[in-house]
Amino acid sequence: RPQVGALSVTESLTIENPSSKCYVGRAPRADAEPITLELAIPSNFDRTTFHKEFFGRNFAIAGDRVVTSIPWTPGQREVTFTYTLPNHERCRLWQRPLDLPCEHLCLRVEHNDPAEVNCSLGRAAESRAGEIVFESQGTVLPAGHVLRVQLGRLPMPWTLYAKWGALILLVALAGLAMMFVRPRNRRE
């Protein structure tokens, strides 16, 4: 969802452990907690908010990664979170590698002009006004597969235009000053 000066992304992951065992991961070092899930969201995010407090308390930032050591019990869990990316460009390429293999992926983009949105996934038949839907086409996408969405004509903050407006105003004032202030002839 494009906003003025930002891109708001909400993700919902259905994580399924089909085995009868609890997945506890492996520790990268002997003195470290095991990492059971790493979210590969872009590292320049402003903030991340989890929709359930349990996940918000159990995910942490490690370097430029968002990680957890939650043991994943058998069955399904849904993890939903929103993050905000700063945007100071008229067009934007959003890229996101998949965290886990994915059987079904649905990507919804809110944008006023569908012709301004391109995606590495195929366009789905269903859409609502102001929304473009893309879906994976029946193949399992591997972990690390990169999703790409090109967004055009995004709303820009007025402050971005203010610097150009100030420059134009300064040049106009300098031009006016030169017209009204004339050098005096000196008599010797």
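The values are calculated or read from the model by the stated rules, or taken from the named source; none is laboratory data. As the structure is a prediction and not an experimental result, all values here were calculated from the model. Neighbour counts run over all protein chains shown; Cβ positions are idealised from the backbone, glycine included. The protein model used for the area step is the full one, side chains on, heavy atoms only, and it has no ligands, DNA or RNA in it. Shrake-Rupley method; radii C 1.70, N 1.55, O 1.52, S 1.80 Å.
The antiparallel fraction among DSSP beta bridges confined to the range 19-110 stands at about 100%.
Which of these values of percent of Cα pairs over 19 Å apart was calculated from the structure shown: (1) 59; (2) 64; (3) 69? Looking at percent of Cα pairs over 19 Å apart for this model, the match is (3). Just to confirm the number: angle between the C-alpha axis of helix 158-180 and the first principal axis of the chain, 0 to 90 degrees, nearest 10? So the helix axis and the longest Cα principal axis differ by about 10 degrees. Evaluate the charge dipole of the chain about its Cα centre and quote only its size in Debye, nearest 20, assuming +1 on the Cβ of each Lys and Arg and -1 on the Cβ of each Asp and Glu. Charge dipole of the chain: 1120 debye, to the nearest 20. By the helix-only formula, in which each DSSP H run with n ≥ 4 contributes -39500 (n - 2.57) and the sum is divided by residues, the chain has a 222 nm mean residue ellipticity of -5000 deg cm²/dmol. Take the solvent-accessible surface of the protein heavy atoms, probe 1.4 Å, and return the percent of it on the chain that carbon and sulfur atoms account for. Carbon plus sulfur share of accessible area: 55 percent.
Under 5 Å between amide hydrogens, built in the peptide plane, is the criterion, and for ALA6 it picks out ASN87 among residues at least 5 positions away or on other chains.
In this structure the chain gives 68 Å² per residue of accessible area when probed at 1.4 Å with all protein chains present. Entry note, the range 1-67: relative contact order of 22 percent, from Cα contacts under 8 Å with a spacing of 6+ residues. Mean separation of Cα pairs under 8 Å and 6 or more residues apart, divided by the residue count, gives the chain a relative contact order of 24 percent.
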